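One structure is given here, and the rest of the page talks about it.
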Amino acid sequence: MRTILQILSISMLVLTVLLPSLYLFDALGEVAMKWALLFVTLVWFAVTPLWMGRRQPASRRGHRGS
């Protein structure tokens, strides 16, 4: 689940850069870009706290119990 959330979060950051680039090259209208950026921002703020700052269990980090 953590990996899915990380992928989604990074995808939203990529879209934050990609959408204005598309607008710059007239591939996307201004209103559509603004609504898409609002959506992308809201998704990023909703998803990122769910995975950021959590530690992985010791078994997934390669440590063995003593």
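Set against the 2.2 N^0.38 Å expectation for a compact globular protein, segment 2-48 has a Cα radius of gyration ratio of 1.19. For Trp51 and Ser21, the FRET efficiency from 1/(1 + (r/R0)^6), where r spans their Cβ atoms and R0 equals 30 Å, is about 0.70.
Work out the FRET efficiency for Ile4 and Leu38 from their Cβ-Cβ distance, taking R0 = 30 Å, and round it to the nearest 0.05.
Details: r = 23 Å, r/R0 = 0.76.
For Ile4 and Leu38, the calculated efficiency is 0.85.
Values quoted throughout were computed directly from the atomic coordinates according to the rules given, and no laboratory measurement underlies them. As the structure is a prediction and not an experimental result, all values here were calculated from the model. A quick note on method: Cβ atoms are made from the backbone with ideal geometry, for glycine too, and the neighbour counts reach across all protein chains shown.
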